[in-house]
Amino acid sequence: MNDNKIIYLDHAATTPVNPQVLEAMLPYFSDKFGNASSIYSIGRESKKAIEESREKVAKAIGALPREVFFTGSGTEADNWAIKGVAYANRDKGRHIITTAIEHHAVLHACQYLESDGFEVTYLPVDENGLVSPQQVQDAIRPDTILITIMFANNEIGTIQPIGEIGKIAREKGIIFHTDAVQAVGNIPINVVDLNVDLLSLSGHKFYGPKGVGALYIRKGVKITSFMHGGAQERGRRASTENIAGIVGVGKAIELATQNIEENNKKLLELRDRTIEEISKKIPFVKLNGDRYKRLPGNVNFSFEFIEGESLLLMLDMKGIAASSGSACTSGSLDPSHVLLAIGLPHEIAHGSLRITFGTENTHEDIDYLMDVLPMIVDRLREMSPLYEKVKRGN
Ligand SMILES: *Cc1c(COP(=O)(O)O)cnc(C)c1O
């Protein structure tokens, strides 16, 4: 392998900006720098670029342009959706339903609300990471004001039955938010068909820029404004717009949804080959997440008798960038809350590896991964006294 080439297998953490996206963004850092609120021509041009981008985002998820609000990230969209609905509807009730495997942007927003007088039910998931619609239904109370359940999990890739949950929420008249940050660009989504009231997305997860996202807010949903100030985003999210970022998110979502079938086919091939080869070539492994209801590029395995961190460091030395758990939890020694929620014991949750493929990955990348991974796993296991015992058969 070429010494400086990095094989990037961590697309759930972030993706490289598509060159066509970058090209679309660049003029807004130079000639086209006008403030979208100004009435002279370069201001109006910026305004037009924002509205075109809004149309692209709306089209990609089956919404109306006026239902799309740009935010500073996926995290911001989640926080706005959850706190905004909670505070705007607290006269109706203070109960929220979510799951144990949400991204921290959702979990920590819910925990914050608990400290301010709201009650949150964290639904468990099964061993594959699936939420049961029946359990959602059973958790609904007269004072439930919000259901927030992620579309697809960032660690184990499990795709939830969002349509079924949406139907239940709509029948009961409860607002339904989904964190679709991992799903947008990977799975075709139509917010109308799925009965979704609010949906979060983030540019850097589908080959757009970091620091820009969007929240879909179905017209008529009661929600407080996120930022108070100027009249931007129809007064709901004040502050001078990140025009280049917004243009980038529009271009990226357009490209991702245009190529969704072709990309999915390729990612599924890479994913399924990797799952098969790891299962076959390495003993004492377990696939985490549902085998089929999972994101097309997601592979997540636990390796017994191994520390995930050591595995990542050794892969890094071989030029492979992957992850254990999520980017936000690596660096801390706590095992992933997602892996614990699907029932893994602490020591096995610690030994997990997440590989997430993207459009630029190839079969040669897997050839190389499968050259080095079994060897690294062997070497790390040789250092484990527990493994020695198991090998000796006692
Ligand atoms: C990445 C991610 C987020 C956070 O989005 P940012 O734009 O990085 O703030 C939220 N939810 C999920 C599921 C994610 O994967």
- Task: Would you mind checking the tilt of helix 74-88 against the longest principal axis of the Cα atoms of the chain, expressed as 0 to 90 degrees and rounded to 10?
- Result: 60
- Item | Counted charge near Val192, where neighbours are those whose Cβ lies closer than 13 Å (Asp, Glu -1; Lys, Arg +1) | +2
- Can you give the relative contact order of region 19-258 as a percent, counting alpha carbon pairs under 8 Å and 6+ residues apart? 27
- Cross-link reach list, lysines versus Lys83, counting only Cα pairs under 25 Å and skipping chain neighbours closer than eight places: Lys92, Lys167, Lys172, Lys205, Lys210, Lys219, Lys222
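Kindly identify the chain as rounded, prolate or oblate by the Cα gyration tensor criterion: order the square roots of the eigenvalues as a ≥ b ≥ c, call it rounded if a/c is under 1.5, otherwise compare a/b with b/c, prolate if a/b is larger, else oblate.
Taking the square roots of the gyration eigenvalues as a ≥ b ≥ c, the chain is oblate.
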- Would you pull out the residues with amide H under 5 Å of Asn288's amide H, same chain only if 5 or more places away, H placed 1.01 Å from N? Asn300, Phe301, Ser302
- Under 17 Å Cα to Cα from Lys280, which aspartates and glutamates show up? Leave out anything in the same chain fewer than 8 places away. Glu269, Asp272, Glu304, Asp367, Asp371, Asp378
- Item | Principal-axis tilt of helix 260-281 within the chain, Cα atoms, nearest 10 degrees | 20
- Across region 123-135, in residue order, what do the Karplus-derived ³J(HN,Hα) couplings come to in whole Hz, using 6.51 cos²θ - 1.76 cosθ + 1.60 with θ = phi - 60° and x for Gly and Pro? 5, x, 10, 7, 5, 9, x, 8, 8, 9, x, 4, 5
- Message: Residue by residue through region 221-226, what is 3J(HN,Hα) from phi via Karplus (6.51 cos²θ - 1.76 cosθ + 1.60, θ = phi - 60°)? Round to whole Hz and write x for glycine and proline.
- Response: 6, 7, 8, 7, 6, 7
- Message: From the helices alone, meaning DSSP H stretches of at least four residues, give me the mean residue ellipticity at 222 nm for the chain, per-run term -39500 (n - 2.57), in deg cm²/dmol to the nearest 500.
- Response: -12500 deg cm²/dmol
- Which whole-Hz ³J(HN,Hα) couplings does region 334-345 yield from phi under the Karplus relation 6.51 cos²θ - 1.76 cosθ + 1.60, θ = phi - 60°, glycine and proline marked x? 5, x, 4, 5, 6, 5, 5, 5, 8, x, 6, x
- Query: Against the longest principal axis of the chain, how steep is helix 41-61, in degrees 0 to 90 to the nearest 10, with axes from Cα atoms?
  - Reply: 50
- Query: So which residue, out of Asn298, Asn153, Asn89, gets the largest mean-square fluctuation from a GNM of the chain using Cα contacts under 10 Å as springs?
  - Reply: Asn89
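Read the figures in this text as sums done on the coordinates, not as results from a lab. This structure is a prediction, so every number in the text was calculated from the model and none was measured. Neighbour counts are summed over all protein chains in view; Cβ atoms, including those assigned to glycine, are modelled from backbone coordinates with ideal geometry.
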